[in-house]
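I have placed the structure first, in the form of structure tokens, so that the comments after it can refer back to it.
The values are calculated or read from the model by the stated rules, or taken from the named source; none is laboratory data. As the structure is a prediction and not an experimental result, all values here were calculated from the model. Cβ placement follows ideal geometry from the backbone for every residue including glycine, while neighbour counts extend to all protein chains displayed.
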Amino acid sequence: MRKLEFSTIVLLCVIVLSACTKQPKPPAGASGWMTIENEHGKLSDYKGKVVVLDFYATWCEPCRAETPRLVSMQQRYRDQGLQVIGLNVGGEDDHVQVPAYAKEFGIQYPLVWPDDELVQIYLSDNQNIPQAFVFDRKGDLVKRFVGYSDASGAEMERIVQEMLESKFQQATR
């Protein structure tokens, strides 16, 4: 009886842990975002590029700490195929703050508003922000970052560099 109880507990732990570490899948269909120009975009529009989807709010202090690194990465790696996209999840009142936020940080990448479906896909298990998702050139999720620190920012940049270099190496073989 004890073996059965122990194995049941182990099985439950495995199920719970796998649910906690489950990574969202890229969206299918029409889920995506709206631009300032009221145009619809989606991740699949950027196949062939390394993409960082960053869920943020202008009032979020960790988001504000992360933004300069994202701006720098976009400037340095744009020509190698990086595309950062900022998805504002700060609420209706935050939408009017986005142009000033872009100006304050010198943001040259798109700042957009995600569809409810996209937010559900990526943030349903954890709504803390910032959250950044790094996708390879095929649109496959490589890594999810929840929160921001200098260490996580450095790791994100390292992963982006690896994704960009792997395409270069494949092209030269």
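Things worth noting here:
- The set of residues in segment 95-115 being part of a helix (DSSP H, G or I) and at pLDDT 95 or above consists of 98, 99, 100, 101, 102, 103, 104, 105.
- Filter result for residue 154 (surrounded by fewer than 12 Cβ atoms within 10 Å (Cβ to Cβ) and of a type outside the set (Phe, Trp, Tyr)): yes
- Test for residue 56: is it in contact with an Asp or Glu (Cβ under 8 Å, 6 or more places away or on another chain), modelled with pLDDT of 95 or more and among the hydroxyl-bearing types (Ser, Thr, Tyr): yes
- Some residue of segment 111-132 being hydroxyl-bearing (Ser, Thr, Tyr) and in contact with a helix residue (DSSP H, G or I) (Cβ under 7 Å, 6 or more places away or on another chain): no
- Counting only residues that are touching a Phe, Trp or Tyr at 6+ places or on another chain (Cβ under 9 Å) and surrounded by fewer than 17 Cβ atoms within 10 Å (Cβ to Cβ), segment 116-126 holds 0 of them.
- First in segment 134-161 and without any contact (Cβ under 8 Å) to a residue 60 or more places away in the chain and of a type in the set (S, T, N, Q), second anywhere and surrounded by fewer than 18 Cβ atoms within 10 Å (Cβ to Cβ) and part of a strand (DSSP E or B), Cβ under 9 Å, 6 or more apart: 152/146
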